[in-house]
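These notes are about the structure you will find just below.
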Amino acid sequence: MPLYPLFLKLEGRHCVVIGGGVIASRKVASLVKCGARVRVVSPAFCPELEQRAAAGEIEVLRRPFE
């Protein structure tokens, strides 16, 4: 499947990532780098996301996505 390039200005914008694993961590890293305000929804989180949450870089909701 071909990819569709998408360029967005995310600085200061709210972004939601569903899932707390390694793939989500990579997505969160790129969003944070772009200045997005990131919220992650998952019942469990990988160590990298736990560290970002503890540092106040991201907001986490510890529950399944609804």
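The values are calculated or read from the model by the stated rules, or taken from the named source; none is laboratory data. In this text, all values refer to a predicted model and were calculated from it rather than measured experimentally. For neighbour counting, all protein chains shown are included, and Cβ atoms are generated from backbone atoms with ideal geometry for every residue, glycine included. For the accessible areas, the whole protein counts, side chains as well, though only heavy atoms, and no ligand, DNA or RNA atoms are used. Shrake-Rupley method; radii C 1.70, N 1.55, O 1.52, S 1.80 Å.
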For segment 5-22, which positions are open to solvent by 20 Å² or more (accessible area, probe 1.4 Å), of a type in the set (A, V, I, L, M) and under 18 Å from Arg63 (Cα atoms)? Val16, Ile18, Val22
It is to be established whether one or more residues within segment 35-47 are of a type in the set (S, T, N, Q), surrounded by 12 or more Cβ atoms within 10 Å (Cβ to Cβ) and within 10 Å of the chain's Cα centre (by Cα). no
List the residue pairs whose Cβ atoms are under 6 Å apart, where the first residue sits in segment 41-52 and is on the phi < 0 side of the Ramachandran plot, the second is loosely packed, with under 14 Cβ neighbours inside 10 Å and β-branched (Val, Ile, Thr), and the two are 6 or more positions apart or on different chains. Val41/Ile18; Cys46/Val22
Quick check on segment 48-62: of everything there that is among the aliphatic types (A, V, I, L, M) and over 17 Å from Glu11 (Cβ atoms), which residue is most open to solvent (accessible area, probe 1.4 Å)? Ala54
So for segment 2-24 (the condition being at negative phi, of a type in the set (D, E, K, R) and under 11 Å from the mean Cα position of the chain (by Cα)), does at least one residue qualify? no
